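Enquirer: Dropping the structure in here first, questions after.
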Amino acid sequence: MTKQELFDYIAGQEEFLNKVSDSVWDNPETCYSEKISSEIICKALEEQGFQVERDVADIPTAFTGTFGHGKPVIGFLGEFDALSGLSQVAGATEKIAVHPGGNGHGCGHNLLGTGCLAAAIGLKKYLEENGKEGTIIFYGCPAEEGGGGKTFMAREGCFDHLDAAIAWHPGDAYGSSAGSTLANCQIYFRYKGISSHAGISPHLGRSALDAVTLFNVGIQFLREHVLPSVRMHYAVTDTGGFSPNVVQPTAEVLVLLRAEDNATVADVRSRVEDIARGAALMTGTELEIDFVKATSNTVPNHVLGRDAVENLKLLKLPEFSKEDVEFYSKISATNKNGNPGHPIADTIPDFKPVEIVFPASSDVGDVSWIVPTVSLSAPTWPVGTAAHSWQAVAVGKSTPAHKATLMVGEAMAGVAVDLIEKPELLEQAKEELNRRLKGSKYECPIPKGVVPRALSMKK
């Protein structure tokens, strides 16, 4: 089987793959609750002849699908979690919820998991047809959105035996990763005070809400004294009730801290925790610090990034009907940065080995510290579409989204073939990783004892 025959084989799986993607879209589940979604992909892997292991790393919705034997061991990093509050009717050109307040695939993870599945089944066929040695592992990685699923899996050694990892993410353009992403950590700060009548006996009360308010004021002043790349986000998740004549006995704030590397995150975290303790002292309240999750910054790999773009360029760009273009044009028109006259990207830029830091985070970063890792992108969304938007959900079952997913699956499989057929390419990728790490070793940013959980769950 040639590489072109591999691409053709994956293209022939279009109906099967679209069904998987749409089934996951139809069952949007968030952070560690992806029971239906994970099982859809598990069954698809089993149908394709993979050996599936569920409950990986003691996470009920994490799994692997394995085929083959020997070296190299190549992993595909699939995701399938949705986002809360983004329920949206597929194919609509305005914001209409299927279930008001419900979940939706606003980051396209129904497509993400399916694209990695396409690559895995294509590579399996290639190994079978050519009698090649090599091991494929499809990783079912839950809770990328707010849960750090891969980080917990990395803590348990799930990626230690890989030679390389390949991933992708939906977007509005073709390409592959060249830069890094921000490390982060997420922490609940819970205050416990004393309730009292706010008019008759306020002196007997100790306001937990005051503590949260002072904590947030402290955060605002801290912003001036951290690096410009540091981000500090928060959501007040408990205000202690809705009766103003009661001194609030409980209050809670969830904080997400980001910085360019784990060490900087740890430093900022220490300062934020000091602010939290200060707020407790000022208000006479008790403080509980509840660490939720963390992810590492991404270690880019230009060797694999360049190869990924070369494989994208081997493929014929999809063709779309007039109706598809009109639909994407209408969606693009709803975005401030949209381009209704040219709503679907139709060029593949050359790889540019730039050293930039993208101001978002991904638990793919943790895998990239362990093995050479690359992430591709393809235009599943109309030009200018923001991630985590109703527009991204609305196009999640569309023909352009399906075609982009299929194409990137072919390209990922192509990268894997190159790693098998060109051992020197894999060695170059490993050498680049070692050079970037400068002797450092991966240390999971999530302490032992912290367990995976949905954000709404207490520890």
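The values are calculated or read from the model by the stated rules, or taken from the named source; none is laboratory data. These numbers come from a predicted model, not from an experiment. Positions of Cβ are generated from backbone atoms using ideal geometry, with glycine treated the same way; all protein chains shown enter the neighbour counts.
Enquirer: Only one residue in Ser229, Ser196, Ser201, Ser207 is over 19 Å from Ala279 (Cα atoms) and touching a Gly at 6+ places or on another chain (Cβ under 6 Å), so which one is that? Steps first, answer last, please.
Expert: Values: Ser229 fails: touching a Gly at 6+ places or on another chain (Cβ under 6 Å); Ser201 fails: touching a Gly at 6+ places or on another chain (Cβ under 6 Å); Ser207 fails: over 19 Å from Ala279 (Cα atoms).
Among Ser229, Ser196, Ser201, Ser207, only Ser196 is over 19 Å from Ala279 (Cα atoms) and touching a Gly at 6+ places or on another chain (Cβ under 6 Å).
Enquirer: A further question follows. Can you name the condition, by its number, that Glu260 falls short on among (1) within 20 Å of Gly147 (Cα to Cα); (2) in contact with a helix residue (DSSP H, G or I) (Cβ under 6 Å, 6 or more places away or on another chain)?
Expert: (2)
Enquirer: Just checking, how many residues over region 128-167 are hydroxyl-bearing (Ser, Thr, Tyr) and more than 15 Å from the chain's Cα centre (by Cα)?
Expert: Counting residues in region 128-167 that are hydroxyl-bearing (Ser, Thr, Tyr) and more than 15 Å from the chain's Cα centre (by Cα) gives 1.
Enquirer: Would you confirm, using the coordinates I've provided, whether Asp210 is farther than 21 Å from Thr264 by Cβ, in a loop (DSSP other than H, G, I, E, B) and either modelled with pLDDT of 95 or more or not acidic (Asp, Glu) (or both)? Spell out the reasoning first.
Expert: Details: farther than 21 Å from Thr264 by Cβ: yes; in a loop (DSSP other than H, G, I, E, B): no; either modelled with pLDDT of 95 or more or not acidic (Asp, Glu) (or both): yes.
No: the conditions fail for Asp210.
Enquirer: A further question on this structure: Being under 23 Å from the mean Cα position of the chain (by Cα), over 29 Å from Asn301 (Cβ atoms) and not assigned by TED's automatic domain parsing to the domain that holds Pro228: is that true of Val367 here? Working first, answer last.
Expert: Details: under 23 Å from the mean Cα position of the chain (by Cα): yes; over 29 Å from Asn301 (Cβ atoms): no; not assigned by TED's automatic domain parsing to the domain that holds Pro228: yes.
Here the answer is no, as Val367 does not meet what is asked.
Enquirer: Right, next: Evaluate the following for Lys448: is it over 30 Å from Ser33 (Cβ atoms), basic (Lys, Arg) and either out of contact with any helix residue (DSSP H, G or I) (no Cβ under 8 Å at 6 or more places or on another chain) or in contact (Cβ under 8 Å) with a residue 60 or more places away in the chain (or both)? Step through it out loud before you land on a result.
Expert: Numbers: over 30 Å from Ser33 (Cβ atoms): no; basic (Lys, Arg): yes; either out of contact with any helix residue (DSSP H, G or I) (no Cβ under 8 Å at 6 or more places or on another chain) or in contact (Cβ under 8 Å) with a residue 60 or more places away in the chain (or both): yes.
Spelling it out, it is not the case that Lys448 is over 30 Å from Ser33 (Cβ atoms), basic (Lys, Arg) and either out of contact with any helix residue (DSSP H, G or I) (no Cβ under 8 Å at 6 or more places or on another chain) or in contact (Cβ under 8 Å) with a residue 60 or more places away in the chain (or both).
Enquirer: In the same structural domain as Lys430 (by TED's automatic domain parsing), farther than 30 Å from Asn335 by Cα and touching a residue at least 24 places away in the same chain (Cβ under 8 Å) - does that describe any residue in region 12-22?
Expert: Taking region 12-22 first, the residues in the same structural domain as Lys430 (by TED's automatic domain parsing) are 12-22.
In the following step, the residues that additionally are farther than 30 Å from Asn335 by Cα were identified as 12-13, 15-16.
This time we only want the ones that are touching a residue at least 24 places away in the same chain (Cβ under 8 Å), so: 13, 16.
Yes: one or more hits.
Enquirer: Next question. Spot the failing condition for Gln248; the list is (1) in a helix (DSSP H, G or I); (2) over 33 Å from the mean Cα position of the chain (by Cα); (3) among the polar types (S, T, N, Q), and only one is missed.
Expert: (1)
Enquirer: Looking at His169, His225, which is the one that is crowded, with 17+ Cβ neighbours inside 10 Å and on the phi < 0 side of the Ramachandran plot?
Expert: Details: His225 fails: crowded, with 17+ Cβ neighbours inside 10 Å.
Exactly one residue qualifies, and that residue is His169.
Enquirer: Of the residues Phe152, Phe138, only one is of a type outside the set (D, E, K, R), in a strand (DSSP E or B) and buried (at least 22 other Cβ atoms within 10 Å of the Cβ); which? Working first, answer last.
Expert: Working: Phe152 fails: in a strand (DSSP E or B).
Only one candidate qualifies: Phe138.
Enquirer: Of Gly70, Gly49, Gly65, which residue is over 19 Å from the mean Cα position of the chain (by Cα), touching a residue at least 60 places away in the same chain (Cβ under 8 Å) and within 27 Å of Lys293 (Cβ to Cβ)? Walk me through it before giving the result.
Expert: Numbers: Gly70 fails: within 27 Å of Lys293 (Cβ to Cβ); Gly49 fails: within 27 Å of Lys293 (Cβ to Cβ).
Sole residue among the options that is over 19 Å from the mean Cα position of the chain (by Cα), touching a residue at least 60 places away in the same chain (Cβ under 8 Å) and within 27 Å of Lys293 (Cβ to Cβ): Gly65.
Enquirer: Answer with yes or no whether Pro400 is crowded, with 16+ Cβ neighbours inside 10 Å and under 20 Å from Ala183 (Cα atoms). Outline the logic, then answer.
Expert: Working: crowded, with 16+ Cβ neighbours inside 10 Å: yes; under 20 Å from Ala183 (Cα atoms): no.
No: the conditions fail for Pro400.
Enquirer: Quick check: anything in region 215-232 of a type in the set (Ser, Thr, Tyr), touching a Lys or Arg at 6+ places or on another chain (Cβ under 9 Å) and either within 30 Å of Ile356 (Cα to Cα) or not assigned by TED's automatic domain parsing to the domain that holds Pro359 (or both)?
Expert: Just the residues of region 215-232 that are of a type in the set (Ser, Thr, Tyr), to begin with: 229.
Next, from what is left, pick out any that are touching a Lys or Arg at 6+ places or on another chain (Cβ under 9 Å): 229.
Checking which are either within 30 Å of Ile356 (Cα to Cα) or not assigned by TED's automatic domain parsing to the domain that holds Pro359 (or both) leaves us with 229.
The answer is yes, given that some residue of region 215-232 is of a type in the set (Ser, Thr, Tyr), touching a Lys or Arg at 6+ places or on another chain (Cβ under 9 Å) and either within 30 Å of Ile356 (Cα to Cα) or not assigned by TED's automatic domain parsing to the domain that holds Pro359 (or both).
Enquirer: Quickly run through region 296-341 and pick out the residues that are surrounded by fewer than 23 Cβ atoms within 10 Å (Cβ to Cβ), of a type in the set (Gly, Ala, Ser) and assigned to a loop (DSSP other than H, G, I, E, B).
Expert: Hits for region 296-341 are Ser321, Gly338, Gly341.
Enquirer: Related question: Can you tell me which of Thr30, Thr61 is out of contact with any Lys or Arg (no Cβ under 8 Å at 6 or more places or on another chain) and of a type in the set (Ser, Thr, Tyr)?
Expert: Details: Thr61 fails: out of contact with any Lys or Arg (no Cβ under 8 Å at 6 or more places or on another chain).
Of Thr30, Thr61, the one residue that is out of contact with any Lys or Arg (no Cβ under 8 Å at 6 or more places or on another chain) and of a type in the set (Ser, Thr, Tyr) is Thr30.
Residue by residue, here is whether (1) basic (Lys, Arg); (2) farther than 23 Å from Pro445 by Cα; (3) crowded, with 24+ Cβ neighbours inside 10 Å holds:
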position: His161; (1), (2), (3): no, no, no
position: Cys185; (1), (2), (3): no, no, yes
position: Tyr191; (1), (2), (3): no, yes, yes
position: Gly199; (1), (2), (3): no, yes, no
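Enquirer: Given the structure, is Ala308 hydrophobic (A, V, I, L, M, F, W, C) and within 27 Å of Ala11 (Cα to Cα)?
Expert: The answer is yes for Ala308.
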